[in-house]
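The values are calculated or read from the model by the stated rules, or taken from the named source; none is laboratory data. Since the model is a prediction, treat every value here as computed from it, not as a measurement. Note: ideal-geometry Cβ built from the backbone for every residue, glycine included; neighbour counts use all protein chains shown.
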């Protein structure tokens, strides 16, 4: 395994760690806002590190640019979604009617 | 390298399936939205990892569409309640 592949695998592994931590946080944390905090870590850091790990092996400028485009889109969408969900939580929509 | 990518994709599939438990439990609609958002992002990660691993570069385009649709879905979910409140 070359050095580049090692770095790439380490970055993907680190990204997976953030995804796992985010999922555990989403399941274990006590209230919606702290769960949102865990979720945004998984979204931003997890996917960013996975994309960073994949970038050296795209083999071209255009495929690499597409990966970065997906990354930027997820960053923007994740930030917007976190704000919208937090606003809705703060406005106090209660538990589901059963 | 493909082995690592497929293994990472499998781990991501496992975490996104586990995260769906939050969509099942709730208790607030926001929690369900968060679980769906985590599923969307993990799904994008799975597609990005599988694309080079199985030699289908078009999967990156699918991930791009996923990213767009996930954003639209979250906005629609959060605005729905506000529109309902205004009409009531």
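If residue A:41 satisfies all but one of (1) surrounded by fewer than 17 Cβ atoms within 10 Å (Cβ to Cβ); (2) more than 18 Å from residue B:37 (Cα to Cα); (3) free of Cβ contacts under 8 Å to residues at least 24 places away in the same chain, what's the number of the condition it fails? Answer for residue A:41: the failing condition is (2). Does at least one position in segment A:55-64 carry a residue that is within 19 Å of the chain's Cα centre (by Cα), part of a helix (DSSP H, G or I), at pLDDT below 90 and over 15 Å from residue B:35 (Cα atoms)? Within segment A:55-64, one or more residues are within 19 Å of the chain's Cα centre (by Cα), part of a helix (DSSP H, G or I), at pLDDT below 90 and over 15 Å from residue B:35 (Cα atoms). Across segment B:24-56, the qualifying residues are those that are surrounded by fewer than 17 Cβ atoms within 10 Å (Cβ to Cβ) and more than 26 Å from residue A:60 (Cα to Cα), and the one among them that is farthest from the other protein chains (Cβ to nearest Cβ) is B:24. Just to be sure, is residue A:91 modelled with pLDDT under 80, facing chain B (nearest Cβ under 9 Å) and farther than 18 Å from residue B:67 by Cβ? Here the answer is yes, as residue A:91 does meet what is asked. Taking the conditions exactly as written (buried (at least 19 other Cβ atoms within 10 Å of the Cβ), touching a residue at least 24 places away in the same chain (Cβ under 8 Å), farther than 20 Å from residue B:26 by Cα and facing another protein chain (nearest Cβ under 9 Å)), does residue A:46 satisfy them or not? Criteria met by residue A:46.
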